[in-house]
1. Can you give me the number of residues within region 1-57 that are among the basic types (Lys, Arg) and in a strand (DSSP E or B)?
2. Could you identify the single residue in 78, 69, 60, 86 that is free of Cβ contacts under 8 Å to residues at least 60 places away in the same chain and over 13 Å from residue 111 (Cβ atoms)?
3. Out of all the residues in region 98-115, which are aliphatic (A, V, I, L, M) and open to solvent by less than 30 Å² (accessible area, probe 1.4 Å)?
4. Given the condition in a helix (DSSP H, G or I) and open to solvent by less than 40 Å² (accessible area, probe 1.4 Å), answer yes or no: does some residue in region 171-190 qualify?
5. Out of all the residues in region 191-199, is one or more modelled with pLDDT under 90 and open to solvent by less than 90 Å² (accessible area, probe 1.4 Å)?
6. Just need a number here: residues in region 25-58 that are among the acidic types (Asp, Glu) and surrounded by 14 or more Cβ atoms within 10 Å (Cβ to Cβ).
7. Are there any pairs with C-beta distances below 8 angstrom linking a residue in region 274-295 that is surrounded by 10 or more Cβ atoms within 10 Å (Cβ to Cβ) to a residue that is assigned to a helix (DSSP H, G or I) and modelled with pLDDT of 75 or more, with the two at least 6 apart or on different chains, and if so which?
8. Between a first residue in region 38-52 that is touching a residue at least 12 places away in the same chain (Cβ under 8 Å) and of a type in the set (Lys, Arg) and a second residue that is surrounded by 13 or more Cβ atoms within 10 Å (Cβ to Cβ) and part of a strand (DSSP E or B), which pairs have beta carbons less than 7 Å apart while being 6 or more apart in sequence or on different chains?
Amino acid sequence: MERYSLYQITQRLKMVIESWAGNEFWVTAEIKSVTYHPSGHVYLELVEKDEDTDSTIAEARATIWRSAAQMLTYKFEAKAGTRLKAGMKVLLLGEFNYSPRYGLSINIRDIDPTYTVGDLQQRREEIIERLKKQGLMEMNKQRIMRVPTQRIAVVSSATAAGYTDFMNTLKSNEYGFSYDVTLFQAMMQGEDADRSIIEALARIDELRFDVVVIIRGGGASSDLLTFDSEALATACALFPLPIISGIGHQRDVSIVDMVVYHNAITPTASAEWLIARSMGLYVELGKLAGDLESAMARFMERERMKLERYSEKLDTALERYVEGQNLLLERYKERLEMLHPKNILKRGYSFTTVNGKIVTDASSLKNGETIETTLYKGKIKSILIDN
């Protein structure tokens, strides 16, 4: 049996692959990683995974050379609405090369974006269906919005134009409403944006805030895929405070937009929604104040009428009481008149005095004392001779 060196074997493989008739194939694969090199080349690592175990069963390197990269990536982004990213499934037209040192690689000649669009749409629909089955699509919508809504936690990049628009709209509201806004910084685009936003949400203390606003604003449509992340959508759905999304896309609705309490579309619209809510509360309080004033006026009028009725009844009762007391006094007066000494003497009675003192016992008198007897009319003086 012949013996070959490793280089000789790899050279034979190279000759076989390069002599392969029609060495161009449409290949389906998943992007493991993608690097946009400053030189203009795009380097990819491609894998295929077992559908049941999700383990990698094939792997290869691929390159879009600078001469084709601009045209192919532009075509892909225009159709798919996103750049090539890790995790995407793609359909590539490639020419296979084999290097004895670096192994198998694919020079990409073309990309079919409709395949990726279909896969992304399918994944999106599967995510939405899973969220529905778990009851997460309506969960955040059922949170209670605290009143008044003034303490706002904002998840955004500090340098984002959307954040500036949001703050300017809040501060310049014509009604003079004031808000307490705290920024929780996060990446709003890129491969790790969903994880960054989830981490920002985790830092928000639900007891300190009334509402959370996620602001993106600006940026490419491709970055909207961040907000189709199942992990991010789940975190928003389960969050204990109401969340408002203002991620800056009027035509496209992300999964996050679907699950949050309110989708305001843009950062400015998010601020306007909060101002309108404050205005609604202000109007309602004004209406309640008016209703309270009217109710108090009606109450006071009823109480005044009651007081008048009570006064009338009191006056009548007092009159009756005074009349009764007058009659009673008249009877007492009559009785007193009857008991007056003059009236007693008038009926034939008299009383006797000695030295101005009434005599009640004849034995107390002495012979020779002068006694005076008072009659109804006149007085009689007598000298006691024998007692």
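1. Taking region 1-57 as the starting set, the residues that turn out to be among the basic types (Lys, Arg) are 3, 12, 14, 32, 49.
Retained after the next criterion (residues that are in a strand (DSSP E or B)): 32, 49.
Result for region 1-57: 2.
2. Numbers: 78 fails: over 13 Å from residue 111 (Cβ atoms); 69 fails: over 13 Å from residue 111 (Cβ atoms); 86 fails: free of Cβ contacts under 8 Å to residues at least 60 places away in the same chain.
The conditions single out 60.
3. So the first thing to find is which residues in region 98-115 are aliphatic (A, V, I, L, M), and the list is 104, 106, 108, 111.
Answer for region 98-115, where residues must be aliphatic (A, V, I, L, M) and open to solvent by less than 30 Å² (accessible area, probe 1.4 Å): 106, 108, 111.
4. To start, the set of residues in region 171-190 that are in a helix (DSSP H, G or I) comprises 171.
Those left that are additionally open to solvent by less than 40 Å² (accessible area, probe 1.4 Å): none.
No, the conditions are met nowhere in region 171-190.
5. As a first pass, look at region 191-199 and keep what is modelled with pLDDT under 90: 191-193.
Subsequent filtering for residues that are open to solvent by less than 90 Å² (accessible area, probe 1.4 Å) retains 192-193.
Checked region 191-199: at least one residue is modelled with pLDDT under 90 and open to solvent by less than 90 Å² (accessible area, probe 1.4 Å).
6. Residues of region 25-58 among the acidic types (Asp, Glu): 30, 45, 48, 50-52, 54.
Checking the rest, the ones that are also surrounded by 14 or more Cβ atoms within 10 Å (Cβ to Cβ) come to 30, 45, 48.
Qualifying residue count for the region: 3.
7. What qualifies is 274/170; 275/169; 275/170.
8. 49/30
The values are calculated or read from the model by the stated rules, or taken from the named source; none is laboratory data. As the structure is a prediction and not an experimental result, all values here were calculated from the model. Glycine gets a Cβ as well: all are built from the backbone with ideal geometry, and neighbour counts include every protein chain shown. Calculation scope for accessible area: heavy atoms of the full protein, side chains included, ligands and nucleic acids excluded. Shrake-Rupley method; radii C 1.70, N 1.55, O 1.52, S 1.80 Å.
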